[in-house]
1. How do Y33, Y49 rank by accessible surface area computed with a 1.4 Å probe, from largest to smallest?
2. Which cross-chain or sequence-distant (5 or more) residues have an amide H under 5 Å from the amide H of C106, H modelled 1.01 Å from N in plane?
3. So for E180, E100, what's the accessible-area order with a 1.4 Å probe, most first?
4. Would you work out the charge dipole size for the stretch 75-190 about its Cα centre, treating the Cβ of every Lys and Arg as +1 and the Cβ of every Asp and Glu as -1, and quote it to the nearest 20 debye?
5. M183 to V69: FRET efficiency via 1/(1 + (r/R0)^6), r the Cβ-Cβ distance, R0 25 Å, to the nearest 0.05?
6. Using a 1.4 angstrom probe on heavy atoms only, work out the carbon and sulfur share of the accessible area of the chain in %.
7. Separation between the Q149 and V82 pseudo-spin-labels, each 7 Å from Cα along Cα→Cβ, expressed in nm?
8. Just to be sure I understand, if you calculate Cα extents along the principal axes in Å for this structure, which of [x] 48, 47, 28; [y] 73, 63, 34; [z] 46, 37, 31 do you get?
Amino acid sequence: MDGDFRTEFTRQPTGLKQHPALVLNADYRPLSYYPLSLWPWQDAIKAAYMDRVDIVSEYDQVVRSPSTVIRIPSVVVLKDYVKPQKRVAFTRFNLFLRDEFCCQYCGGRGDLTFDHVVPRAAGGVTSWQNVVAACSPCNLRKGSKNLRQTGMALRKPPRQPCAEELRNMGRRFPPNFLHESWMDFLYWDAELQA
């Protein structure tokens, strides 16, 4: 018997791959820019049916039930305002976003890890003020030495970002797919061209 027979019957979840809905807060701003606040079309229809969102824009495609034809939402806005978080979680992803997905020693963009500026072996702590994104070669070169010993320099000093700063940073890294109905809401506060 063929070893892959089970995978032929398995469907990959495609809810976000086909017809995702952009989710806006009650003030018509996306809940988040990076990752972009998207729902599978099924969740958007369910939320609209439960009267939790208003549909602002729709795709041309429809879904059908025995008694109803529904156009798939492309943009939904929450009826209740969700207060944005003020505190930024210290995560690998947020660290890379703060450092713009580039090594803080050489500026490279590939194969990122994180590095303690003051090594843990020398008493350095894992915090926003001591950890930076680093490519593997720079991380290996620095090792558990301090910057003076290696002759390396930081592009910018590490610090804790505020939530608004990370949201704005996320806008610089759009996802691979942006539907045209989303554009008015993603860059609504961008400066207009004269």
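The values are calculated or read from the model by the stated rules, or taken from the named source; none is laboratory data. Computed from a prediction, not measured in an experiment: that's the story for all the values here. Cβ: placed from backbone, ideal geometry, glycine included. Neighbour counts: every protein chain shown. Only protein heavy atoms, including side chains, enter the accessible area calculation; ligands, DNA and RNA are left aside. Shrake-Rupley method; radii C 1.70, N 1.55, O 1.52, S 1.80 Å.
1. Y49, Y33
2. Counting only residues 5 or more places away or on other chains, the set is C135.
3. Result, largest first: E180, E100.
4. Here the size comes out at about 620 debye.
5. Efficiency, from the Cβ-Cβ distance: 0.40.
6. C and S atoms contribute 52 percent here.
7. 4.6
8. [y]
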